[in-house]
Amino acid sequence: MQTTDIGNKEDGKIWHRKPAPSPSNNGVMVTVIRSATAYHSKTVRFLQVAFDATGEVFLAGDHHGNIYVFDIGRNRFKLIQKTGQACTAMAFNLRRTTEYLVALADYSIKCFDKDTRQLVSWMRGHAGAVSSVSVHSSGRYAITTSADTAQLWDLDTFQRKRKLNVRQAVGLQKVFFLPRSNTILSCFSDDTIFAWESDTLYCKYQLPTPGEGPKMGYRAFAVTRDGRILATGGRSSLLHLWCLESQQLLRAVQMPAQVRTVRQLEFLPDSFDGGSSQVLGVLSQEGIMRFISIHSCKLLFEVCRHDDGITSASISPSGRHLVAVMESGALNIYSIQALTRDISRPPAPLVKVVTTPGQADDSNMTARVPSRSVLRPTRTSGHKVQDRASRPPASSLPEHKENEMPDPLNKKRVRALLKTFGEYPARYRMFIWRSLLHLPENCSAFGSLTDKGQHSAFLTLQEHYPVKSARLQRGLQRVLSALAHWSAIFGETEYLPLLAFPFVKLFQNNPLVCFEVIATVIVNWCQHWFEYFPNPPLNVLSMVENVLAHHDKELLQHLVHCGVTSQLYAWPLLETLFSEVLTRDEWLMLFDNVFSNHPAFLLLAVASYVTCSRAPLLLCTRREDFQYFFHHRNNLDMSAVIREAYHLMESTPEEIHPQNLLADFEPLTQGQYPIFNKYPAFVVEYRSQERERIRQQELEYLRERQALQELRAEAVRRRAEDEAWHTQQELLREEEERRRRTLRGEEERLAEQRRRLAAMKRELKAKELHLLDAARRRFLHQQQEQKRAELRRLDEEIERKASLRVQETAAAVQDVEVRQMELQAQRRLLEQQLAKEQERVTQEVRAEAVAWQRHAEEEDQSAYQRMLEGDPNCGLGIRKVLEESLAEAEQLQAEAELRAEVLGRLEQVNGERGRDRHWLAARSAEADASEEQLIEAMKKMESRKWEEVERRTQQEDEAQAASAAEARRGKLGMQTQRERQCGGQGQSLDACWSPCSPRRHEAASQRQAPDAIRLSDWSSTDESVPCESVPFSLDRCRAELDFRERELMQDVQELRRKLAARARADAGTPSL
């Protein structure tokens, strides 16, 4: 058994060596698995499979949403779609054979094309998972079923036509179309089954619910291809078979005890049963699929694996392959032919109990299926697989006796019944014939014959034997080809279609039975027919002539006298088996007796037919009349003919009796058909060779005739092409001459038009030049006006800026004057305050000095008096006191000198600061003067430059005026910013000093005028004001002014360089 891992391949071969399925390996052709990309030990499970109408191609969808197409005939597989979701149902038998339906896990149904891989349509509407998809036999409609609803779709427009809703208490199991009809079956969870008309959705009937016994719980359903029998199963080991024509329960089939639940039912199609499938596949909860005969209820074969069970299966419409989805997620492809190779199905039982559910209980209708020991794995708690054999129960022993077929029919009883009624019942005729002829029903052998295809001898059968019905024509051709493949003589027998046609018409729905009946007739009733091939069987015809000579010499002498031999009156009846001279009922009545008697009965029937026609034959004298008589129907009583045949059978002497010359009946062998070589092989081989040679000659002749016809057609075509070419050339010459004349006239008209057009162009060119000159003059005038307007706007802007500058300057001067006056007033006020404070301090010091001196003199006076008045020893103390007083006086004098020195130094610093103020004021005045001169120079330069630019060119006035105006605005903005910075710096310098600080007033006075008053009067007496910060502030202001002055000079120089460069560039441009 082969195993193919498709992995992540998108296409490839299904098997790499030719599979050899056999019953030993359960008929498995190949096992297909798909391992995950990242984990080789993990497989992706396949979920659904669906076959197409041919039975050679099927779809398979896995758990990841990948859909593959497998072509068994071509041994190829291909990945055709990636949906990304697991599929829950599939269908492939649409009217457009390349399209298929897939129901996905998101409750939607998508239609794809397997060739283009395009999405055709997307259908939504289900609220639950779609469990089944059923397609009508025409391929135009589809039914999708979920647990709560079923929807009918039109596959031409992909629109929903109808919707079937059910109550929540009663769910849907399945809704599907019946084959070959417009009937819809709906199966509900309460075991009710309704039939609806698909066009009108009218309820046609309801199948009766089985009243007795446990509830079945239908889950699985299957219908035969002819739509007559419905099989149902569910949570029970019983199967119900329903006849949909009578809407009655046919029988209940009891499955073996191992079957507790039926998962799936599938009928096995057979190309020889006309759609009435006889074999039903039952998938149980064990994962075993058992195939049983619905008539004999015998277990035919099983499909299972020892280590893996089946979850679902699909059988091809041709009945040749079975694809099973295993519990492991793999796909097993089985060969049905290998499983049924050694099975020879017996005929149906002779006696049937025909009852209805109302007339008999269910026990009489129930048939048991015998169980069989099957090796299946059992799962333990440790997930180990152990093999065990499931033994049948003891109660299964009598099942074989119940299901065994009865013994072959008792020919004596049947012959007695036939003699009584003259024929068999029409209802049981086919069964009786099959039993009388002991047909082996070798399906495999017949299949091998049909697989060889059509025989070359019958490729043109419809030309020699036309049949109105195409189906009947195909059936006749198939049976004749099988006979020719069985034995070469039948490919050369010209009358074989006449012999086989009545049987083909009778068994047109069962080619196998038809073939075996014809083969049995040839082997037994056509003995010695082919010994004189290709001539008629003279030995057999002589037997008929001997019987006729013994029983009716007068008639035989009349036939001889008229020149009529047995080849004219007996052979037409034998080679057609009476089908030309009898009606259907008469023919069936005759062959009821033929099949029930010795093979010699057919020859005696020919003699009986001739003798019963004695009166009209004696009246015939021409050969043509005899020919017409034995090739057309005649008014004869068939019962009388049969009675006469029996009379001849009994009264014919043994020495001329055909029974002694023909062998007894011998049925066909089981398994394989017997070898048929009772014919002159060299004649057949010679005829076959001659026929092949003639066929090759015919083919060669046909090829030569085809080539000749092609040559003739080619010659005719070329002649016609030559004539057409000459005609076309003549027409082309005439047309060319006409067009040349037309062209000359057109050229003359064009020349005249060109002359007029040239004159018009000259006039238009002159007008255009005049208009261009006028437009240029207007444009230049407009440009000049624009330049003048721009210059006026720039002059106005300059004047406005100058007036704004003058106003700002006047306002700044006024502000400075007001500020100077405020500073002078503050300075005077501070000087007064300082003078007062100095005077007050001086007076306080003088008063303290006077008071201290006065106190010291008084103390000295008093001390001296005490000394004089007191003890003379106190003189030393007085002296010490005087010394201390003298030291204190010296210290006070030193302090006074130090204070005078500090005041002198302060006065010196104030003088230096006054000089610095004078120098800064002079530098500021010089900078203002230089700025005014620079502005005047710039204005003059700009005016000269604009005049020069305006004289040279008017086209560049706008750009130069804009640049000059921009430069002027930049200068004015720079000056304004510089003045504002200077004013702000002065304000910042003023703001950095407090109103009480004398330095602020001193700096303001020095900035206003060089002759500002120095604060020399009060600085000498103010010891508390720090003098270290004054030089630092002055130096910083001086450095800032020098830096700004240098920046201003650099800007002026850069502007001069730019103006000079622009002037040089303007001087180099040519004027207009």
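The values are calculated or read from the model by the stated rules, or taken from the named source; none is laboratory data. Computed from a predicted structure; not experimentally measured. A quick note on method: Cβ atoms are made from the backbone with ideal geometry, for glycine too, and the neighbour counts reach across all protein chains shown. Areas reflect the complete protein model, heavy atoms only, side chains present, ligands, DNA and RNA absent. Shrake-Rupley method; radii C 1.70, N 1.55, O 1.52, S 1.80 Å.
Of all lysines in the structure, the ones whose alpha carbon falls short of 17 Å from that of LYS468, not counting any fewer than 8 places away in one chain, are LYS505.
With charges set only on the Cβ (+1 for Lys and Arg, -1 for Asp and Glu), what does the dipole of segment 493-631 come to about its Cα centre, in debye to the nearest 20?
On the way: 6 positive and 13 negative charges, 25 e Å.
Charge dipole, segment 493-631, about its Cα centre: 120 debye, nearest 20.
Carbon-plus-sulfur accessible fraction, segment 505-636 (probe radius 1.4 Å, protein heavy atoms only): 49%. Here's how it looks for VAL30: its modeled amide H is under 5 Å from those of ILE333, which are all 5 or more places away or on a different chain.
Across segment 127-133, rounded Karplus estimates of 3J(HN,Hα) from the backbone phi angles (6.51 cos²θ - 1.76 cosθ + 1.60, θ = phi - 60°) give 9, x, 5, 7, 8, 8, 10 Hz, Gly and Pro being marked x. Highest mean first, the peptides 217-226, 805-814 sorted by other C-beta atoms within 10 Å per residue fall in the order 217-226, 805-814.
At a probe radius of 1.4 angstrom, the accessible area of segment 1-128 per residue rounds to 47 square angstrom. Of all aspartates and glutamates in the structure, those lying under 17 Å Cα to Cα from LYS945, and not within fewer than 8 positions of it along the same chain, are GLU790, ASP795, GLU936, GLU956, ASP957, GLU958, GLU966, GLU1054, ASP1066.
Separation of segment 627-650 from segment 440-472 is 32 Å, based on Cα centroids. Among GLN670, PHE630, LEU699, whose Cα projects farthest towards the positive end of the dipole of segment 604-723, with charges put on the beta-carbon of Lys, Arg (+1) and Asp, Glu (-1)? Comparing the listed Cα positions along the dipole, LEU699 ranks first. Simple rule: put +1 on each Lys or Arg Cβ and -1 on each Asp or Glu Cβ in segment 428-556, find the dipole, and look at ALA482, MET430, TYR532; the Cα lying farthest toward the positive end is MET430. Accessible area per residue for segment 485-613 is 28 Å², calculated with a 1.4 Å probe on protein heavy atoms, without ligands, DNA or RNA.
Size of the dipole of segment 31-187 about the Cα centre, Lys and Arg at +1 and Asp and Glu at -1 on the beta carbon, nothing else charged, in debye to 20?
120
Backbone amide hydrogens, once placed in the peptide plane, bring ILE229 within less than 5 Å of THR224, LEU244, excluding anything fewer than 5 places away on its chain.
If you put +1 on each Lys and Arg Cβ and -1 on each Asp and Glu Cβ, how big is the dipole of segment 103-251 around its Cα centre, in Debye rounded to 20? Numbers along the way, then the final one.
Details: 19 positive and 13 negative charges, 33 e Å.
The calculation lands at about 160 debye.
Pop out the carbon and sulfur fraction of the accessible area of segment 166-247 as a percent, whole number, probe 1.4 Å. Intermediate results must be reported in sequence, preceding the final value.
Values: 1800 of 3730 Å².
That share works out to 48 percent.
Beyond 28 Å between alpha-carbons counts as too far, so tell me which of LYS78/LYS163; LYS419/LYS678; LYS801/LYS1058; LYS801/LYS940; LYS9/LYS42; LYS13/LYS174 fall in that bin. Pairs exceeding the cut-off: LYS78/LYS163; LYS419/LYS678; LYS13/LYS174. Spatial offset of segment 706-750 relative to segment 892-949 amounts to 115 Å, using the alpha carbon center of each. If you keep only loop residues by DSSP, which chymotrypsin sites (Phe, Trp or Tyr not before Pro) in segment 431-506 have at most 16 other Cβ atoms within 10 Å of their Cβ? Filter output for segment 431-506: TYR495.
With the charge dipole of segment 711-783 set up from +1 on Lys and Arg Cβ and -1 on Asp and Glu Cβ about the Cα centre, the Cα lying farthest toward the positive end among the listed residues LEU731, PHE779, LEU711 is that of PHE779. Give me the percent of the accessible area of segment 725-856 that comes from carbon and sulfur atoms, probe 1.4 Å, all protein chains in place. Using a 1.4 Å probe with all protein chains present, segment 725-856 comes out at 56 percent carbon and sulfur.
For the pair segment 806-864 and segment 77-146, the centres of their Cα atoms are 115 angstrom apart.
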